[in-house]
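Every number in this text was worked out from the coordinates using simple rules, so none of it is lab data. This one's a predicted model, so the numbers in the text were calculated from it and none came from an experiment. Positions of Cβ are generated from backbone atoms using ideal geometry, with glycine treated the same way; all protein chains shown enter the neighbour counts.
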Amino acid sequence: MAKRVLFIDRDGTLILEDPPTYQLDSYDKLTFYPHMFEFMTKIAKELDYELVMVTNQDGLGTEKFPESTFWPLHNLIMKSLEGEDIHFSAVFIDKTYPHENAPTRKPGTGMLTGYMNNPEYDLANSFVIGDRITDVQLAKNLGCKAIWLNEDASLGAEEISDKVSELQDTIALETLHWSKIYEFLKLGLRSVTHERNTNETRIHIELNLDGNGKAEIGTGIGFFDHMLEQIARHGKMDLRIQVTGDLHIDEHHSIEDTGIALGEAFAKALADKTGMERYGFALPMDEADAKVLIDFGGRNWIVWNAEFKREKIGEMPTEMFFHFFKSFSDAARCNLNIECRGDNEHHKIEAIFKAFAKAIRMAVKRDPLSNYLPSTKGVL
């Protein structure tokens, strides 16, 4: 099996950086990142990642940054890590000066060519862990994802915002805590790409259950797009859905088949339910009172207790709301119990979709320290 790699920055990630020079050149500057040892030890012992250190040390070996001030401290850092059973298979240090456009300096990949286009390594499921936007760019250049300890003091806030917007799809996790990095790597990224194509519809779905609420929806039905965006935002999952359907006939196939395809994507993403809550529910919206109960228990069933007086909301027939959730329940193999009361039809269905999203969020939550399967049967 191809090996996964954690390409880990040193300064600002394993140890705290010391402004204004950001050079670790004396012992009084050495402070390890809070809780780094605790959780790096867990990562090294429990997970199957190869550890590789990648660090820029601009001007190392020059008069301003002599090697005699660098190596004693660096060797102490490495021995301290090894003392906690944290072993790096390789350490790459770029000391280019001046460094403009140097291919070996992050985000350049010049030092890491041995990992690229190498069947021994699974870069698509590897990560760069660092505190600079250049670490995120390195991840993109390597073809992996970034875990960003987001205190990049080298850039102004506006510039960071511009850079991050360009690289957002590369950031798998943004955090300031090593505990969150461990949890993320331990649990894995529940991310799937799924397609469902028939003579009536062509559907492409990208789903990340552990995302940030990003949505890119295009079904050709405006109100339906708006409802699917609620699932992403309030379920705090990343969701991309693109549908090409026979809307020249009517909306039925596009809505029903989207429900099926989305349910199938969830079934894939939740193939391993270890440590998962399994159940979820909730919420009010203005005068509307919606309740959605969900159980990802491996069996499909739906109870629907909601009535609509209008034929359509936007371009979406109200009769198709039930069909969407029934299709999802069948394909995701989950129980759904949906109930709603209210006066405003828009508020009612939006409350249902938001409660559905919140129920999912609650049900798919996982405990990284648990190997518990939420079933007495021993299988879900």
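Mind scanning 3/186; 214/291; 3/145; 45/145 and naming the pairs with a C-alpha gap bigger than 19 Å?
214/291; 45/145
Starting from the Cα of residue 309, draw a straight line to each of the aspartates and glutamates and keep only those under 14 Å, dropping any in the same chain fewer than 8 residues away.
By straight Cα distance, residue 309 reaches 319, 343, 345.
Among the DSSP beta bridges whose two residues both lie in the chain, what percent are antiparallel, rounded to the nearest 5?
So the antiparallel bridges in the chain amount to around 50 percent.
Treat the count of other C-beta atoms within 10 Å as a stand-in for reagent exposure and order 273, 106 from fewest to most.
Fewest-to-most Cβ neighbours within 10 Å comes out as 273, 106.
Springs between alpha-carbon atoms under 10 Å, Gaussian network over the chain: tell me which of 117, 150, 335 tops the mean-square fluctuations.
117
Using Cα pairs under 8 angstrom and six or more residues apart, how large is the relative contact order of the chain, in percent?
RCO, the chain: 13 percent.
Write down the percent of antiparallel bridges among all DSSP beta bridges whose residues are both part of segment 4-187, to the nearest 5. Kindly include the intermediate steps, with their values, before the conclusion.
Details: 1 of 23 bridges.
Of all bridge pairs located within segment 4-187, approximately 5 percent are antiparallel.
With mean projected area of the Cα convex hull in nm² in mind, check (i) 29.5; (ii) 19.3; (iii) 22.3 and report the label derived from this structure.
Given (i) 29.5; (ii) 19.3; (iii) 22.3, the calculated one carries the label (iii).
Which is farthest toward the positive dipole end of the chain among 167, 148, 308, measuring Cα position about the Cα centre, with Cβ charges +1 (Lys, Arg) and -1 (Asp, Glu)?
308
Starting with the fewest neighbours, write out 113, 104 ranked by other beta-carbon atoms found within 10 Å of each beta-carbon.
Result, fewest neighbours first: 113, 104.
On a C-alpha basis, how far is the centre of segment 51-116 from the centre of segment 203-282 in Å? Whole number, if you could?
43 Å
Rank the residues 294, 249 as a footprinting-exposure proxy: fewest other Cβ atoms within 10 Å of their Cβ go first. Walk me through the numbers on the way to the answer.
Numbers: 294 25, 249 10.
Fewest-to-most ranking of 294, 249: 249, 294.
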